[in-house]
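Below you'll find the structure I mean.
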Amino acid sequence: MPYTEATIRLLSPEGKPVETADNERFRQVIDTLSEERLQDFHRHMVAIRAFDVEAANLQRQGQMALWVPSMGQEAAQVGSAFAARPQDHIFPSYREHVVARIRGVDIMRIIEMMRGLSHGGWDPADHGNFHLYTLVIGSQALHATGYAMGIGLDGACGTGDPERDVAVLVYFGDGATSQGDVSEALVFAASYQTPQVFFVQNNQWAISVPVSTQSRVPLYRRGDGFGIPGTQVDGNDVLAAYAVSLLALDEARNGDGPRLIEAVTYRVGAHTTSDDPTKYRTADEHNTWLARDPIQRYEAFLRDRGASDAYFEEVRSEAADLAADTRRRTLALGTPKLDAIFDHVYSEPHSGLEAQRAWLKQYEAQMEAGA
Amino acid sequence: MTTQHTAAQQSTGAEPATSAQAAAESGLQEAAAQAIASSQPAASGPAASGAASPRTGIQQLPMSKAINLGLHRAMADDDRVLMMGEDIGTLGGVFRVTEGLKRDFGGKRVLDTPLAESGIVGTAIGLAMRGYRPVCEIQFDGFVFPGFDQITSQLAKLTYRHGGAQSFPIVIRIPYGGHIGAVEHHQESPEAYFAHTAGLRVVSPATPNEAYWMIQDAIASDDPVVFMEPKSRYWQKAPVDFDERSAPMHRSQVVREGADATLVGHGAMVSMMLQAAEIAEQEGTSLEVVDLRSLSPIDYAPLLESVRKTGRLIVCQEAPGNVSVGSEVAATIAEQAFYSLEAPVLRVSGFDTPFPPAKLESLYLPDADRILEAVDRALAY
């Protein structure tokens, strides 16, 4: 059983409010939310699932080398993303498509990466401070920590002004917790008392290796030995994910030091489209998690609050439009120019590379002339 | 031909040659042991300068002190420049290269980091994203490998990955090379790994004057620079000219003119090549010596000009020869100066073994005699 007595949950798998003494301060966070914001959570979860399914289809049809499905993890991602303030910096792993979208990144940029057109290429400063995907597992934890060290050196946290103070939110998975870089990031974060939240999406599987092989204790306790307080949240409960993330980010922004959150969730799909989870997971396990689906749970909650059929139809229609738009735009993508091989390897001219660029241009011109 | 002959280079050429090499080496070993083991500063130069008094004129200084002053000046010039590394603050680094910087600039700009090389480089990347210009000290050459992934998979590729939207002005300082009699992992020459990696710049000074100016060039660069410090040259004094810049860090230079063959190398090997040239001169052979200074990119023009004149090239390096910087230089010269060559390009390198126990290092590391043996072979063609 992945949950513990410490798991923070505000909605039951059936979408009913859960009220305990332990979750009271988190419920208070939710009580401040407008109906519109509650619906934003839902719209984004439904939209990204439609996008995700369409992207996987496009991969199967040869339009991308790879797709990285996020199905099942929508609540953990949407909740934590909405908890961040505009001035905060987000360091993703490579499955946080909806976080990118919420921060203002055109999610076609992700399609472009998976299609072999770029390695990212956006400027975080112009894209909601959403940094680039990092494919080497856990490396971004150190970048996030360094960024947060810089915030501390600049005196840009702990001033008591939540509109100005900055925090960092870094995403990684259960598998990444085994990486040395994640442990080193926890050490540096603790040493420099950085304003940051480590957000572990425990989706139970590091490709084919279960979390039980990664850790003998629940991952939210991984911070204990580093002196970093940890909280476990039901990652399929968007309200809990939001509230837990919000309070942790507030503490970080306030100068109270780093925090760690383990969001317990499940990777419903494959690790990537190159993977076949039927080789290592049972149908029983899969079905158990489908019954905990984050979107169904939240829709039950919204229905109980009076959301109409027309509302749900509108959300579904928006999502279908996003999927169709994604397909249309993917099929219209061109190919990069030759110069893209050489551009931006360095910020300043590099004599060896310029010679190679000139040679390739001449070679291509010769081949065309000869053809 | 480049004619950037500074006072420092002339002095390097005039250094006492050779026969006292064994004695000098044992002196180096003492100095190294002192630097590593003692809690007292090993550098015998004057006390670290105050922040308010930039130096002028020409002064005799060891390379460790010259780099220290270069770092000091870079920190004074730009308050986004940070020092990071193990034991670099209060202690001043195991080689005392950062001595006095924490005193002068404070603990927020000179970070005694936790003992984790990947952590140092990885957090430096984040600090650069925040607008800082971190200078990371790797304590010894062989300790860079725990940080290798962050250097080669992240730092080197991040400007490219960002499509140029962000730059990563980070300097990785690595004391490298042998001749100090130290234990395993403390005498290696790993420069080829970094020169092989697109996105990094790699340089190595040979004299205190070059070190003083090149470290400032490296810090001013908007690209990541791996700054290889030839630690066996940390302690010998030579003139540093505080008023006249040395050549830009990516320029190679002829440091001794000659007619019969060309020696090329970098870092500590430059003084070894100059020793060999002194000996050869006494035997009637005129050797030209080229200091590469930059290993990525390599400035081939002065070297090609030299080889077209002498017709013979011997590439010298402490590093193992297999797939080395010297291999690349040899291949390029063979491609571009084929009709000028009177003999095959020869390489004099460390052997393709792990760095041996220190009592064997004088056999492992190329010395003046090994260089001259290769010169004899080249001249025999």
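The values are calculated or read from the model by the stated rules, or taken from the named source; none is laboratory data. Keep in mind the model is a prediction, meaning the values are calculated, not measured. Cβ placement follows ideal geometry from the backbone for every residue including glycine, while neighbour counts extend to all protein chains displayed. Only protein heavy atoms, including side chains, enter the accessible area calculation; ligands, DNA and RNA are left aside. Shrake-Rupley method; radii C 1.70, N 1.55, O 1.52, S 1.80 Å.
Anything in region B:292-337 that is acidic (Asp, Glu), within 27 Å of residue B:354 (Cβ to Cβ) and part of a helix (DSSP H, G or I)? List them, or say none.
Across region B:292-337, the qualifying residue is only B:328.
Condition first: touching a residue at least 60 places away in the same chain (Cβ under 8 Å) and part of a strand (DSSP E or B). Can you find one or more residues in region A:234-243 that meet it?
Yes; the residues of region A:234-243 include at least one that is touching a residue at least 60 places away in the same chain (Cβ under 8 Å) and part of a strand (DSSP E or B).
Quick one: which helices (runs of 4 or more DSSP H) sit completely within region A:272-371 and have at least 2 residues that are within 22 Å of residue A:39 (Cα to Cα) and either out of contact with any Pro (no Cβ under 8 Å at 6 or more places or on another chain) or open to solvent by less than 80 Å² (accessible area, probe 1.4 Å) (or both)?
Correct list: A:294-304, A:309-331.
A further question on this structure: Filter region B:272-301 down to residues that are surrounded by 23 or more Cβ atoms within 10 Å (Cβ to Cβ), within 14 Å of another protein chain (Cβ to nearest Cβ) and not small (Gly, Ala, Ser), then give me how many there are.
Residues that pass the stated criteria total 3.
Looking only at residues in region B:130-158 that are surrounded by fewer than 23 Cβ atoms within 10 Å (Cβ to Cβ) and in contact with a His (Cβ under 8 Å, 6 or more places away or on another chain), which one is nearest to residue B:234 (Cα to Cα)?
Filtering first and then ranking leaves B:140.
Which residues, taken from region A:166-197, are among the acidic types (Asp, Glu) and within 17 Å of residue B:153 (Cβ to Cβ)?
The answer is A:181, A:184.
Name the one entry in A:137, A:102, A:107 that is open to solvent by 20 Å² or more (accessible area, probe 1.4 Å) and away from chain B (no Cβ under 14 Å).
From the options A:137, A:102, A:107, the qualifying one is A:102.
Can you tell me how many residues within region B:87-105 are open to solvent by 10 Å² or more (accessible area, probe 1.4 Å) and touching a strand residue (DSSP E or B) at 6+ places or on another chain (Cβ under 9 Å)?
Within region B:87-105, residues that are open to solvent by 10 Å² or more (accessible area, probe 1.4 Å) and touching a strand residue (DSSP E or B) at 6+ places or on another chain (Cβ under 9 Å) number 8.
Looking at region B:61-102 only, could you name the residues that are within 14 Å of another protein chain (Cβ to nearest Cβ) and assigned to a loop (DSSP other than H, G, I, E, B)?
B:79, B:80, B:86, B:89
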